[in-house]
Structure formats: structure tokens, C-alpha cells
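The values are calculated or read from the model by the stated rules, or taken from the named source; none is laboratory data. Quick caveat: nothing in here was measured; it's all calculated off a predicted structure. Counting neighbours? That spans all protein chains shown, and the Cβs are built from the backbone with ideal geometry, glycine included.
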Amino acid sequence: MTDTEPRAPAPEMFLDEEIDLRESLRLVFKHYKLMNTIVAAAMIAAFTYCLMAPKIWQAQATVEVPDSKADNPLNKLSVLVATSDRMETYQEIARSANVARRAAVAVGLTASPEYAEETDLEAATAKLKKRITVSTVKDSTILLIQVRSTERKLAASLADAVAQAFIDANLDFSKKGARSRRQFVESQVIQVKSQLNMDEDLLQKFSSRNKSLAGPANNSQGSAAIDPLIKLKSEILDLKVERGELANRFSPEHPRIRNLDAQISAAQAQYDHEMSKLPSDTMDYNRLARDVKVGEGVYTLLLEKLQEARIDENADDTDIVVVDGAQTPVQPVAPQRLAILAVTLGLSILGAFGIAALVEYFRDEVKGEDELARRTKLPVLAVIPDWRETKDATILRIKNGPKKIHDPSYLIHQSYFQHNYYSEASKILRTNLKFSGFEKNRKTVSLMSASRQEGKTLCNANLAIAFAQTGKKILFCDADLRKPSVHKIFDIPATNYQGLPLLISGQGSVDGMVVKGPLDNLWLLPCGVKVPNPSELLGSEDLEPVIKSLREKFDYIVFDSAPVLPVTDSVLLAPHLDGVILLARFESSRLREIDSALQQLRGVKAHLLGMVLNGVNMQRYGYGYGYGRRYYAYEFADKS
């Protein structure tokens with residue numbers, strides 16, 4: 001394969017993804033009570049809200065607004081607004097406080113129980129404005145006006161009132177434009193009429209003095225030259241009327257007004273140019289006649305526009321019609337109980353998982369063998385199930401009642417643990433020790449724990465039994481001189497045995513101290529007394545000869561010792577052993593305590609062989625630890 005060819009993804013990539021899923025499942029299994037409590041509390045709160053929250057009703061009225069291309073003199077809004085944002089402008093008008101106030105007055109909103117808390121009309125208007133929704137139908141001139149209320153009939157009344165208020169507001173807007181247009185035209189009529197009277201008087205006086213210029217030829221010639229000027233003057237007047245109407249609404253910098261100013265300037269320049277083209281010999285007479293002629297034409301035009309403006313002002317139609325009036329709603333739109341409960345369920349599950357993950361993050365506990373291996377940089381030699389949760393042990397506990405930790409019922413040589421992963425885990429530990437090179441000139445080993453109640457004594461006993469089942473001569477020695485437990489776990493009376501302390505002090509022999517175990521090849525060295533100076537005994541030079549004598553008599557010696565952190569006993573014992581395995585209990589041992597224990601053991605140059613993870617519920621966390629579920633399935637199939 002060349003470097004340019006695609007390569008298969010590394011197995012670790014898929015392993016990481018699988019571990020994430022396993023970790024999530026483990027997190028759920030571990031904190032399911034907390035998660036159930038959070039989800040249940042959220043669902044109860046949501047259900048209570050659904051029962052207590054007032055019903056919200058929504059009514060809808062449909063109106064049609066005029067097309068911007070329609071030739072309607074009252075449709076000033078369509079003229080002033082571009083087609084692209086015309087519907088948006090209508091929407092804003094329908095949502096305005098002006099429309100809401102009109103609707104509130106129309107229905108007497110302040111007398112409604114829903115708005116009884118509002119102190120005045122303005123407060124009721126502000127509340128109503130928030131409950132009005134206006135939308136458009138795509139590619140149409142239809143507006144949908146929706147109003148919400150806690151009262152069914154009030155919702156319909158408000159929707160109709162808002163629709164009518166919207167029409168009235170647009171009508172007032174149109175009338176205001178027509179009124180300003182009429183006022184502007186009236187002012188122009190007065191000015192033009194006054195100027196026309198003055199021009200007629202001047203023409204009359206000039207004609208009396210120069211009768212030769214007032215003939216028919218001059219009149220016909222003057223009319224031909226003046227007609228285009230009247231047309232230009234009319235155009236200029238139309239532009240000024242439109243500008244005067246826009247000036248009431250927009251500033252002089254508005255693009256529409258600036259465009260009209262440019263058109264007026266251009267038309268005026270053309271008018272002045274046409275004026276300069278009149279003959280010079282009849283200039284005075286033609287100028288006077290022109291002014292009169294133009295004045296008469298403009299005056300007539302203004303009278304027509306004034307009549308149109310008066311008609312527009314008194315018209316009562318905006319071309320906005322109600323297509324469908326509001327109907328009394330049948331079903332409330334809120335609260336949407338199913339949606340609320342579904343969303344609450346989803347969010348509460350996510351929130352519960354997040355809280356569980358946060359709790360897990362701050363709890364410094366061993367969460368799995370992969371984390372343990374990464375943290376300690378040591379191999380995990382075995383994963384041992386929780387003896388309380390194995391199938392046969394559960395049946396036994398139900399039958400005989402709860403068992404104590406130090407109970408022979410949970411040693412792996414018992415018949416009900418055959419073909420069970422609980423017993424196989426100790427054999428896996430034995431096998432891994434063999435392949436790690438422990439058996440080569442090495443005989444002494446101990447599973448030590450950082451703290452108490454992590455199951456080290458039971459694990460050491462089962463490891464000794466696993467070694468004995470291979471036919472080797474094994475000694476299980478109790479080196480926990482503060483809380484000896486070997487005699488308890490094997491259920492033997494140890495009051496007559498002083499064990500290791502007596503051997504170290506040189507007051508007894510090995511043969512007189514050892515006790516036959518439950519297996520042919522297993523021997524026990526229990527300690528039936530608590531000594532006042534355990535650290536001094538384990539730290540004395542007399543310990544090494546005792547261990548040497550034990551090595552000569554047995555193939556393997558398994559020591560059970562005190563926890564590493566509370567006392568120094570195990571730290572003193574560790575350098576004398578061929579191998580030390582640190583035990584961690586699943587979801588119980590603290591990672592920082594494990595770090596501290598490893599630091600102390602490495603400080604005395606103990607030969608660390610690896611880690612053992614104890615107390616794992618394999619059926620419950622089978623996905624997280626690889627073999628659990630599949631092994632149990634194989635086990636049951638084999639037994640059946």
C-alpha cells in the first residue's frame with residue numbers, strides 16, 4: 001500500500017466512540033434515581049401548569065387590502081410605498097397602538113374582566129397590542145388579523161374590532177392626505193385668480209393704447225404660441241400639488257420630494273425656454289396676452305382639481321374590505337398540554353442527564369477500567385464482579401438472609417460459583433499474573449487497597465484459592481495486624497493463633513502457626529491478636545527472615561495487609577514482596593487516593609504489577625466493561 005492510498009481507520013477510533021456510549025449508559029444506570037427524581041419533578045410541575053394555566057382563545061379576521069397597481073385616488077398609501085414593502089407597511093399599521101386603541105374603545109375593553117387590572121385606556125391598549133398578531137398570505141393582498149384572549153367571545157369581538165379599526169385608520173390617513181391636497185389647491189386658486197385679475201387689467205390698458213396689436217392675426221398667432229406654455233404650466237402645477245401633499249408627511253430630504261423638485265425645476269426651465277422664443281416685435285403685447293391666457297387655463301385647471309380634492313376628502317372608501325369576520329373559537333390555542341408535556345419530558349431528560357454528568361464530573365471516583373489504566377499508567381489485570389450482585393449469590397442471600405463481607409459463602413471454591421464470572425475473574429487475575437512474568441522466581445504477592453472497605457481481603461483470599469486450584473502449595477498470610485480478618489473470612493477460631501507477629505518476634509515456628517484451609521493445597525496463617533506496635537514489627541529487620549522461611553515451604557504466599565493510606569504497615573511490607581497489586585473499588589475508590597497510594601508504594605520501590613478493579617456489577621454495567629452481558633449469556637446457555 002502506498003502513502004497516497006486511503007487507510008482503514010484505526011480501531012481506537014471506533015473504540016473511543018463505543019466507550020462514549022458505554023459511559024453514557026453507565027451514567028444513566030448509576031444515577032437513575034436522581035434522574036428519575038428530576039424528570040418526575042419537572043413533569044409534575046408541567047402537569048400542574050397545564051391544569052392551572054388559564055385557557056387562551058384565538059380568533060381571526062381576514063381583510064383584503066388594495067393592490068398597489070389599482071387606480072384608486074384614495075389609495076395614497078400604495079402611491080407612497082414601494083410594492084416590495086407595501087404589505088409590511090399595512091402589517092405595521094394593523095399592529096400599531098393607534099389601531100389597538102380604536103379597537104379597545106370600540107369594545108369597551110376596560111370593562112372586561114380580563115383587563116380589569118389595567119388602570120386606564122393606555123394600559124389596556126398596551127396589553128391588547130401585545131396580543132395582536134398580523135400575518136400575510138403569500139403572493140396575495142390578504143392580511144390575517146389574530147387576537148388572543150382568555151375569553152372566547154371577547155377574542156372574536158376584538159378580532160372584528162381590530163379589523164374595523166384598521167380600515168378606519170387607513171380611511172383617516174387617506175382623508176388627511178385629501179384634506180391637505182384640497183387646502184393647497186385652494187391657496188393656489190386664490191393666488192392665480194388674483195394674478196389673473198391683474199394681468200387682465202394690464203392687457204386691457206395696453207390694448208387701449210396700442211389698438212393695432214390687438215387684431216385677429218395677432219390673437220391667433222398668440223394662441224398658437226401660448227397653448228404649449230399652458231400645458232407646461234399645467235404640468236408644473238400638478239407636480240407642485242403632489243409635492244405639497246408629500247411635504248405634509250416627509251422631510252425635504254425624502255427621495256420622492258427630491259425627485260419632484262428635480263422634475264419641477266426641469267419643467268420650469270423648459271417653460272422659460274419657450275418664453276424666450278416669442279417674437280421680439282410683439283413681445284409686450286404677447287407677454288400680456290400670454291399671461292392672461294395662461295392664467296385663465298391654470299385657473300380653470302385649479303378649479304377642476306379643487307373639485308376633485310373636495311370629492312376625495314368626503315369619500316368614505318379605502319378599498320380595504322373584510323373578507324371573513326371573526327368566529328367564536330371552539331378550541332383554545334394555549335396551553336397546548338401535549339406539546340408542553342412532550343417538551344418538558346425531553347428537556348427534563350436532557351437536564352437530568354446533564355446534572356448527572358456534572359455530579360459525576362465532580363465526584364472523584366473510579367468510573368471504569370479504561371480510566372483507571374489511563375490514570376495509573378498500569379495494566380488492569382482483572383475486573384472482579386460485586387459478589388453481592390452475582391446470580392447465585394443473590395439467590396443464596398435471599399434464602400439465608402444478608403451476608404457479611406467476611407463470610408465463607410463468598411469464596412470462589414463454593415459449588416454455586418462454578419461456571420460463574422465471579423470465580424472466573426480471580427482465575428483471570430491468576431492467569432494475567434502468570435503471563436506478566438510473576439511466576440519466574442517470584443512467590444510473594446499482595447492485593448493492597450488505598451483505603452478501607454474496598455474488598456481487598458476477599459480478593460486476596462480468592463486469589464489464594466485460585467492459585468491452590470492449580471495444584472500449587474499456597475499460604476494465605478494475614479499481615480493486617482490492626483484488623484486481622486483471615487480467620488473471619490474462612491470461619492476458623494483464631495484465638496489460639498498469633499500468626500505473623502509471633503514469627504517476627506521469634507517466639508514460634510511456621511509449622512505450629514499455619515492452619516489447613518478448605519482446599520488440599522491451601523494453608524492459612526491467621527492472626528488472632530491485635531498487637532500494639534504493628535508498624536514496628538513490619539518495619540523490623542526480622543521480617544525478611546520470616547518471609548524467606550515461608551518461601552522455602554510454599555510455592556506462593558498471598559499476603560493480606562492493611563490499607564496503604566491510613567497507616568504505614570503496607571508501605572513497610574511492600575518492599576519485601578515480589579509483587580504488589582493495587583486494588584480499586586468501582587465507583588467507591590477516590591482517584592486522588594489511588595494516586596497518593598501509588599506515590600507511596602513507588603517511593604519505597606515496591607514492585608507494582610498492575611491494578612484490579614473490584615465490585616463491578618457486570619450485568620448492570622456490562623456494556624461498559626466488555627464481557628459482562630455476553631459472558632453471562634454464554635454461562636447460562638452452558639449450564640442449561
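When region 49-67 is examined, which residues are found to be farther than 17 Å from LYS138 by Cβ and hydrophobic (A, V, I, L, M, F, W, C)? Those that are farther than 17 Å from LYS138 by Cβ and hydrophobic (A, V, I, L, M, F, W, C): CYS50, LEU51, MET52, ALA53, ILE56, TRP57, ALA59, ALA61. Of all the residues in region 38-55, those that are within 21 Å of the chain's Cα centre (by Cα) and of a type in the set (Val, Ile, Thr) number 2.
Answer yes or no: is there a residue in region 494-506 that is among the aliphatic types (A, V, I, L, M) and without any contact (Cβ under 8 Å) to a residue 12 or more places away in the chain. Checked region 494-506: at least one residue is among the aliphatic types (A, V, I, L, M) and without any contact (Cβ under 8 Å) to a residue 12 or more places away in the chain.
For region 215-238, filtered to residues that are of a type in the set (A, V, I, L, M, F, W, C) and surrounded by 15 or more Cβ atoms within 10 Å (Cβ to Cβ), the residue that is modelled with the lowest pLDDT is ALA225. Counting the residues of region 324-371 that are among the polar types (S, T, N, Q) and either surrounded by 15 or more Cβ atoms within 10 Å (Cβ to Cβ) or touching a helix residue (DSSP H, G or I) at 6+ places or on another chain (Cβ under 7 Å) (or both) gives 4. Go through region 422-437 residue by residue and tally those that are in a helix (DSSP H, G or I) and over 13 Å from TRP387 (Cα atoms). The number of residues fulfilling the criteria is 9. Among residues of region 162-175 that are farther than 13 Å from ILE132 by Cβ and in contact (Cβ under 8 Å) with a residue 12 or more places away in the chain, those with a Cβ under 7 angstrom from a residue that is among the hydroxyl-bearing types (Ser, Thr, Tyr) and buried (at least 21 other Cβ atoms within 10 Å of the Cβ), sequence gap 6+ or separate chain, pair up as ILE167/THR318; ASN170/THR318; LEU171/THR318; SER174/THR318.
Tell me yes or no: at least one residue of region 550-559 is assigned by TED's automatic domain parsing to the domain that holds LYS473, surrounded by 18 or more Cβ atoms within 10 Å (Cβ to Cβ) and in contact with a Ser or Thr (Cβ under 6 Å, 6 or more places away or on another chain). So far as region 550-559 goes, yes, one or more of its residues are assigned by TED's automatic domain parsing to the domain that holds LYS473, surrounded by 18 or more Cβ atoms within 10 Å (Cβ to Cβ) and in contact with a Ser or Thr (Cβ under 6 Å, 6 or more places away or on another chain).
The condition of being in a loop (DSSP other than H, G, I, E, B), in the same structural domain as CYS459 (by TED's automatic domain parsing) and at pLDDT below 95 holds for only one of GLU593, GLU587, that being GLU587.
Could you say which residue among HIS413, HIS406, HIS419 is crowded, with 18+ Cβ neighbours inside 10 Å, in a loop (DSSP other than H, G, I, E, B), over 27 Å from the mean Cα position of the chain (by Cα) and at pLDDT below 90? Criteria check complete, one pass: HIS413. Scanning region 165-178 for residues that are of a type outside the set (A, V, I, L, M, F, W, C) and crowded, with 18+ Cβ neighbours inside 10 Å yields ASN170, SER174, LYS175, GLY177. Looking only at region 134-146, decide whether some residue is of a type in the set (A, V, I, L, M) and without any contact (Cβ under 8 Å) to a residue 12 or more places away in the chain. Checked region 134-146: at least one residue is of a type in the set (A, V, I, L, M) and without any contact (Cβ under 8 Å) to a residue 12 or more places away in the chain. SER446 fulfils the conditions (1) part of a strand (DSSP E or B); (2) over 20 Å from ALA597 (Cβ atoms); (3) of a type in the set (S, T, N, Q) except for a single criterion, (2). In this structure, does LYS440 turn out to be in a helix (DSSP H, G or I) and at pLDDT below 85? Answer is no for this residue.
Scanning region 251-296 for residues that are exposed (fewer than 15 other Cβ atoms within 10 Å of the Cβ), at pLDDT 70 or above and either touching a Ser or Thr at 6+ places or on another chain (Cβ under 8 Å) or part of a loop (DSSP other than H, G, I, E, B) (or both) gives SER251, PRO252, GLU253, HIS254.
In region 112-132, the residues that are farther than 17 Å from ALA155 by Cα reach residues that are not basic (Lys, Arg) with C-beta atoms within less than 6 angstrom, at least six apart or across chains, in these pairs: GLU118/ALA124.
Condition check ((1) closer than 22 Å to GLU369 by Cα; (2) out of contact with any Asp or Glu (no Cβ under 9 Å at 6 or more places or on another chain); (3) modelled with pLDDT of 95 or more; (4) among the polar types (S, T, N, Q)) across all residues:
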residue	(1), (2), (3), (4)
GLY539	no, no, no, no
ILE547	no, yes, no, no
GLU552	no, yes, no, no
TYR556	no, no, no, no
SER561	no, no, no, yes
GLY624	yes, no, no, no
TYR631	yes, no, no, no
SER640	no, yes, no, yes
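Being small (Gly, Ala, Ser), in a loop (DSSP other than H, G, I, E, B), surrounded by fewer than 23 Cβ atoms within 10 Å (Cβ to Cβ) and modelled with pLDDT under 90 holds for only one residue in GLY512, GLY528, and it is GLY528.
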